[in-house]
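See structure below.
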There are 2 protein chains.
Amino acid sequence: MSTGQSGPTGIVMMNLGGPRTLDDVNPFLRALFEDREIIQLPLQGWLGPFIADRRTKKIQQHYQEIGGGSPILDWTETQGRGMVERLDHLSPATAPHRFYVAFRYIEPSSETALKAMAADGVTRAVAFTQYPQFSCSTTGSSLNELWRAARRADLHDHFTWSVIDRWPTHPGFVDAMTATVRQGLQAFDEAVRDDVVLLFSAHSLPLSVIDRGDAYPAEVGASVHEVMRRLDYRHEYLLTYQSEVGPVRWLGPSTETVIEDLGKKRRKHVLVVGIAFTSDHIETLHELDIEYGELAHRVGIEHFHRAPALNGMPAFQDALADIVATHLASGEPCHPNYGLRCPGCVNPQCRNVLQPVAPFRRTAVTVSPKNRQYPTR
Amino acid sequence: MSTGQSGPTGIVMMNLGGPRTLDDVNPFLRALFEDREIIQLPLQGWLGPFIADRRTKKIQQHYQEIGGGSPILDWTETQGRGMVERLDHLSPATAPHRFYVAFRYIEPSSETALKAMAADGVTRAVAFTQYPQFSCSTTGSSLNELWRAARRADLHDHFTWSVIDRWPTHPGFVDAMTATVRQGLQAFDEAVRDDVVLLFSAHSLPLSVIDRGDAYPAEVGASVHEVMRRLDYRHEYLLTYQSEVGPVRWLGPSTETVIEDLGKKRRKHVLVVGIAFTSDHIETLHELDIEYGELAHRVGIEHFHRAPALNGMPAFQDALADIVATHLASGEPCHPNYGLRCPGCVNPQCRNVLQPVAPFRRTAVTVSPKNRQYPTR
């Protein structure tokens, strides 16, 4: 396609991010607990930092145990470099391509990414989520923050935007994920390999998010099925959800409880697969490997391994490049489902695209006093 | 494949069933509320019939409004006839094929089906669920009842069995389902067709079932994704769950609530698709068409239609025949995942195969006093 653009095409890689050092842990947690799109607390301006401060020491300990910080920025940059190299070949009409990391709760932030893009002379930009499956809690929050940041930085008229908001069954992504499962299976003795239970684990969501119509569980289910189809359904498998915190009820079955139950049912060999994560970070390196690894040992599971994260796998960079190239060639502003706000949504910011490349329409906003719980800038 | 069998191959088509006449409503409800694999009540032998009796009049009224009874037996027989005709051509080595309907809560029961098979000289039998996606509440309960009925009828050594327990992404099934969506879209004016929201609705399950590890939501999600892929994702869509009853918490988002919310968000055109049903019955003809149709009208949705059920569609009979032929050719006793009991399961009967055609192994049973809540005969 011809975009009539000047300058490079900017690809904004959006993800949660993670603290790179132990000193980053507290600001990271404070930013997370201040996000009213994810967590609604009474007196949030006071209670959010209070909870963040109380949790800091424990979470710092977790980061200490995985080497002192999250590797998610390094992996995202590796993936970004591989992606733009490939894109320059795949889509010469939109070259050169540059990637910009935009984390939600830590630097580099959306504002940092936007300012760097402007400095590089980018006018055509793609907001590219690094969460394969769509949820308002992840991609939705990151996009809303991106548009707010553009306004804060006075760059809301500067770029022409399109959005890649989900890719749960992209063949390249699923092929790469399947390859990690095959690698993970190699960790088991050939004699027991057929007995391995595959535990696909995704980050859970509060049921309140599910009940308002979040697309996430159906899309995670679709990803799992695509991987299992490629494995000819040879293994027993199950989709479970991890990382529940706080007093509200979360979507199950819980990865933790399922590991306990598999132990009780005398299963000896379990391979856990992070189906909704593309890089290693605290949920894979600490929660899955260390916490659940110890739990598995306690309940009698003899061999508990994790399939490696996609991280620096070249096949995954092929997938990322193909997702963007196909999107650019389509000329569309976003996935057709992006315009459909969750039917129970009360956040008027959801599902916007700033200065879209092509006409974009979204489901109407219901204005109600409740909306005021969300930040407008 | 050669089965070394004599006589026809019996295909047991398992489904919930429904009352054919108003007089059947009470016995149907009593059987449903007596099924401890689905509903656990205190003093069930007394409270189950009590609740069934209290609900009878209202449910009879519903059946009255859809013509005096459920068409599910007629449709299942139509589907069965089409399936065995095609199977005789597709799989001459296992011909002739005969189908036997086994409903869970009404005649023809499992016992009736088994006795008819024995009378016909069947020795090779396939237990074929008519629920595309696996759940312990549907297929699981039907299979457990089939094995119990075989023991009750002293036919537990009579047949060699294999099991088709799920087919959520079978290409023929998904093609047929997609065709019903295209048909449903024809009910909308061409001018508004692009604005139609597709609401894929599946029967809900209590969260207690989800939390012990039921495969259902992931498989329903996979079915939805396969249909949307065939539609090139051209429409906005959402997966919702219907038919919640009683005081426990069910899996959401609720179809009913989502319809209300879509009205509030000023959506005018909705097509509902029964993604987990293969025939019309009370949940499609009354709940979706009448109850939710009236609700949609009240909340301002101007055009609310339902995609037709698969019912007598020849392409669906092609799919059923292909599913069975592929299964027979594989020589396998069941889907590899059938052996994996829900990690939180306490029912020692789950995931058996009586006299399997080939070696079959399942996840171990944990014996605990809680198991006694389930019937053993």
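The values are calculated or read from the model by the stated rules, or taken from the named source; none is laboratory data. Quick caveat, the model's predicted, so the values are computed rather than measured. In this analysis, Cβ positions are derived from the backbone assuming ideal geometry, glycine residues included, and neighbour counts consider all displayed protein chains. Just the protein is used for accessible areas: all its heavy atoms, side chains included, with ligands, DNA and RNA removed. Shrake-Rupley method; radii C 1.70, N 1.55, O 1.52, S 1.80 Å.
Quick notes on this structure:
- Number of positions in region A:268-285 that are open to solvent by less than 10 Å² (accessible area, probe 1.4 Å) and away from chain B (no Cβ under 14 Å): 3
- Residues that are not in a helix (DSSP H, G or I) and not aliphatic (A, V, I, L, M) within region A:292-323 comprise A:G300, A:E302, A:H303, A:F304, A:H305, A:R306, A:P308, A:N311, A:G312, listed in sequence order.
- Residues in region B:100-118 that are assigned to a helix (DSSP H, G or I) and touching a strand residue (DSSP E or B) at 6+ places or on another chain (Cβ under 7 Å) were compared, and the one that is surrounded by the fewest Cβ atoms within 10 Å (Cβ to Cβ) is B:A116.
- Region B:249-267 residues that are more than 7 Å from chain A (Cβ to nearest Cβ), paired with ones that are in a helix (DSSP H, G or I) and of a type in the set (G, A, S) (beta carbon under 8 Å, 6 or more apart): B:I259/B:A296; B:G263/B:A296
Per-residue answers, yes or no, for (1) at pLDDT below 95; (2) more than 27 Å from A:S70 (Cα to Cα); (3) among the hydroxyl-bearing types (S, T, Y):
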site: A:E287; (1), (2), (3): no, no, no
site: A:M313; (1), (2), (3): no, no, no
site: A:H327; (1), (2), (3): no, yes, no
site: A:S330; (1), (2), (3): no, yes, yes
site: A:F360; (1), (2), (3): yes, yes, no
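- Among the conditions (1) of a type in the set (D, E); (2) in a loop (DSSP other than H, G, I, E, B); (3) farther than 16 Å from B:I210 by Cα, the only one that B:D289 does not satisfy is (2).
- Residue tally, condition small (G, A, S) and in contact with a Leu (Cβ under 6 Å, 6 or more places away or on another chain), over region B:151-171: 1
- Filter result for B:T284 (polar (S, T, N, Q) and in contact with a Gly (Cβ under 7 Å, 6 or more places away or on another chain)): yes
- B:D194 away from chain A (no Cβ under 11 Å) and touching a residue at least 24 places away in the same chain (Cβ under 8 Å): no
- Which numbered condition B:T9 misses (of (1) out of contact with any Leu (no Cβ under 9 Å at 6 or more places or on another chain); (2) in contact (Cβ under 8 Å) with a residue 24 or more places away in the chain): (1)
- The sole residue among B:I275, B:I259 that is under 13 Å from A:G344 (Cα atoms) and modelled with pLDDT of 95 or more is B:I259.
- Residue within region A:125-134 that is within 18 Å of the chain's Cα centre (by Cα), more than 14 Å from chain B (Cβ to nearest Cβ), modelled with pLDDT of 95 or more and in a loop (DSSP other than H, G, I, E, B) present: yes
- Selection status of B:E34, open to solvent by 10 Å² or more (accessible area, probe 1.4 Å), within 19 Å of B:A149 (Cα to Cα) and acidic (D, E): yes
- Within region B:232-260, considering residues that are farther than 17 Å from B:I290 by Cα and in contact with an Asp or Glu (Cβ under 7 Å, 6 or more places away or on another chain), the one most open to solvent (accessible area, probe 1.4 Å): B:W250
- Search result, residues across region A:146-166 that are open to solvent by 30 Å² or more (accessible area, probe 1.4 Å) and either in a helix (DSSP H, G or I) or of a type in the set (V, I, T) (or both): A:R151, A:R152, A:T160
- Some residue of region B:186-196 being in contact with a His (Cβ under 9 Å, 6 or more places away or on another chain) and within 28 Å of A:L239 (Cα to Cα): no
- Residue under evaluation B:K370, criteria (1) modelled with pLDDT of 95 or more; (2) assigned to a helix (DSSP H, G or I), criterion not met: (1)
- Remark: pairs (first residue in region B:99-122, without any contact (Cβ under 8 Å) to a residue 40 or more places away in the chain and among the hydrophobic types (A, V, I, L, M, F, W, C); second residue part of a helix (DSSP H, G or I) and surrounded by 18 or more Cβ atoms within 10 Å (Cβ to Cβ); Cβ separation under 7 Å; 6+ apart in sequence or on different chains) are absent.
- Conditions (1) in contact with an Asp or Glu (Cβ under 7 Å, 6 or more places away or on another chain); (2) surrounded by fewer than 17 Cβ atoms within 10 Å (Cβ to Cβ); (3) under 19 Å from B:G18 (Cβ atoms): number failed by B:T139: (2)
- Residue count for region B:324-350 satisfying the condition of being in a loop (DSSP other than H, G, I, E, B) and either touching a residue at least 60 places away in the same chain (Cβ under 8 Å) or at the interface with another protein chain (Cβ under 8 Å from one of its Cβ atoms) (or both): 14.
- Flag for A:V25 being in contact (Cβ under 8 Å) with a residue 24 or more places away in the chain and outside any helix (DSSP H, G or I): no
- Total residues in region B:215-246 satisfying the condition of being more than 8 Å from chain A (Cβ to nearest Cβ), part of a loop (DSSP other than H, G, I, E, B) and closer than 24 Å to B:H281 by Cα: the figure is 4.
- Residue within region B:214-230 that is over 30 Å from B:P336 (Cα atoms) and either in contact with a Cys (Cβ under 7 Å, 6 or more places away or on another chain) or aliphatic (A, V, I, L, M) (or both) present: no
- Taken together, the residues in region A:203-214 that are more than 7 Å from every other protein chain (Cβ to nearest Cβ) and touching a residue at least 60 places away in the same chain (Cβ under 8 Å) amount to 4.
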